[in-house]
Every structure is written in structure tokens, then in C-alpha cells.
Ligand SMILES: [Zn+2]
């Protein structure tokens, strides 16, 4: 089972509690299917649960019969062919959603999405029949595909209108279809949650967290440790020098500008030059210069190693 088919199976188990939402989902399912046309047209659907859902939608919302035929698809994957037989039935379906059979191009009629709650149901229907989502292990990608330009544009607008999330959809053309897609992992997660695929959204989130943790671990072990080592070895020399000055003379003997840097370094061994420069509001080269002066000053007092040797000798 793919991630997409799992999410669709989850969605097909949702029961619409409100009549308005039930109608909105049916509208999404039928409008974005290839059956929403006065001319007889068939569409192939690989997902049995979705095929059943569409047939139910046609019956419940428009009182028409949709034929679902089980077939062996080219690649020997079992698939279903959907159609709505009879011109009268097709007219009835089209008109029951306020469309006319003479429309040149298909549009989303927003009056079928009466209440705020209906938006999610409509998007669920559209996603079920013309959408898919890539396995998040591979990449973050969710898309809808339709041959109708206006439907694509208006679907994008509906997605942009979702107030609960920033979905940032885009449109592209692929062969004869317009693709409305979402690329951002958190947007896909929000979308799946919105339409009711809560388990799929959670699975995506877990995969993302795992990936991020794994990447962070790699990054740290590859590069940050190298930088940290550099910062630390430079910092440890500086701290040794500052400690030496403190022991011999006391930090108060340092000029104010050096004392400031010395105190900051002493309390923050891991701080980078950049962070120090931000903290002190002076340039990085300024910080560097002061640290060098501290090291030079400490050298006039003897190196820390000499100092340690001297201490050992005293004992
Ligand atoms: Zn509703």
C-alpha cells in the first residue's frame, strides 16, 4: 500500500456529519472526475474505495446511478472504470450543482460551498478523485490534476482561502493537464489534517522529524564539530591567557576595552567571534584584535605552560 492509497482509504472512512458538507464533498468528487460532462465519458480509477465513494456521491447528491466496472488495467493492476450512463442522468447531475450543460468551461460554483465547514469536505472530494500525495520518505509533494484550466486556477484560489493554514499552492502544466500542487511539508501536513486524513498527516510529521534529526546528526558530525573544535581551541588559549592575567594582576588591571572582551570570553567559552561581536556591538575584527592584545599581554607575563611549570617547581 502506498502512502497515497493509505491516506485515501482513511478519507473514505470519514462520515460527513452535516448535510452541507456531504453535498460539498460530492461536488468535489464529481466536478473533478472526468464524468462531469454531458457527453458520455469514462474515467479509470485505481482505488476501489474512491470508486465506491464516487458512486455513492452521484446517488446521494444528484440521485443518479454511476456505473463502476472492475477491469484489468494495462499493467495488470486491477482498476475501475467509472461512468454515468444516460444523457438525462448526466444533465440531472450537472444541474443539481447549479451548472448548465451548455457551459463552455468548467468553474467551481462557490454557492455549493455554503459554510466554512464545507471547504474541507469539498477539498477532500477533489483530492480523492484527482489528487495524490508522494510518499514523504521520498519527497514532499501533493497534487491535483485536471484538464480544465479554470478549475485548476479556482482550486488554487480555494486552497489559498483556507484560513487555518498557509498552503501556498502553485500551478504547472503537465502534458494535457494542469497540476495544482503543494510542496512544503508543513503545508501538506496541514492539508491532510484539514481534509480529515489525520493519521497520514501524523505519519508525515513523524517521517519529517526523523529525517530532520538524521540530517542534523550528520551535519553536526560532518562540519559543526570541526568548527566547534576550532572555536574551542582558540577559546581555550584565550581563557588560559585571561586566567593568567587574572591570577597575576587581576582583570581590573586591563584597559576597559580588553576587560570587557576578557570577561565575556571567560563566561562564554563556546561563543564564536561573530556572537561576541554582536554582543559587544563591535566588528568581528575588533573583537579579534582585542583578543590578540590579551594574548600578547599575557605573553609578557609568561605563557600558561611556563606558569604551570613554575607552579610545579614551587611545590
Ligand atoms: Zn458544511
Which of the following residues is exposed (fewer than 11 other Cβ atoms within 10 Å of the Cβ) and at pLDDT below 90: 272, 233? 233
Got a sec? Which of 99, 150 is in a loop (DSSP other than H, G, I, E, B), under 27 Å from residue 42 (Cα atoms) and away from the ligand (no atom under 16 Å from the Cβ)? 99
Unique residue being assigned to a helix (DSSP H, G or I), surrounded by 23 or more Cβ atoms within 10 Å (Cβ to Cβ) and touching a strand residue (DSSP E or B) at 6+ places or on another chain (Cβ under 8 Å) when the list is 7, 33: 7
If you go through segment 104-121, how many residues are more than 9 Å from the ligand (Cβ to nearest atom) and either outside the structural domain of residue 29 (by TED's automatic domain parsing) or assigned to a helix (DSSP H, G or I) (or both)? 3
Checked against (1) surrounded by 15 or more Cβ atoms within 10 Å (Cβ to Cβ); (2) in a loop (DSSP other than H, G, I, E, B); (3) out of contact with any helix residue (DSSP H, G or I) (no Cβ under 6 Å at 6 or more places or on another chain), residue 17 satisfies every condition except (1)
Out of the residues in segment 25-49 that are modelled with pLDDT of 95 or more and under 26 Å from the mean Cα position of the chain (by Cα), which is farthest from the ligand (Cβ to nearest atom)? 32
Please determine whether any residue of segment 82-92 is within 16 Å of the ligand (Cβ to nearest atom) and either farther than 23 Å from residue 5 by Cβ or assigned by TED's automatic domain parsing to the domain that holds residue 160 (or both). no
For residue 191, state whether it is part of a helix (DSSP H, G or I) and under 18 Å from residue 7 (Cα atoms). yes
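The values are calculated or read from the model by the stated rules, or taken from the named source; none is laboratory data. A quick note: this is a predicted structure, and the numbers were derived from the prediction, not measured. Neighbour counts are summed over all protein chains in view; Cβ atoms, including those assigned to glycine, are modelled from backbone coordinates with ideal geometry.
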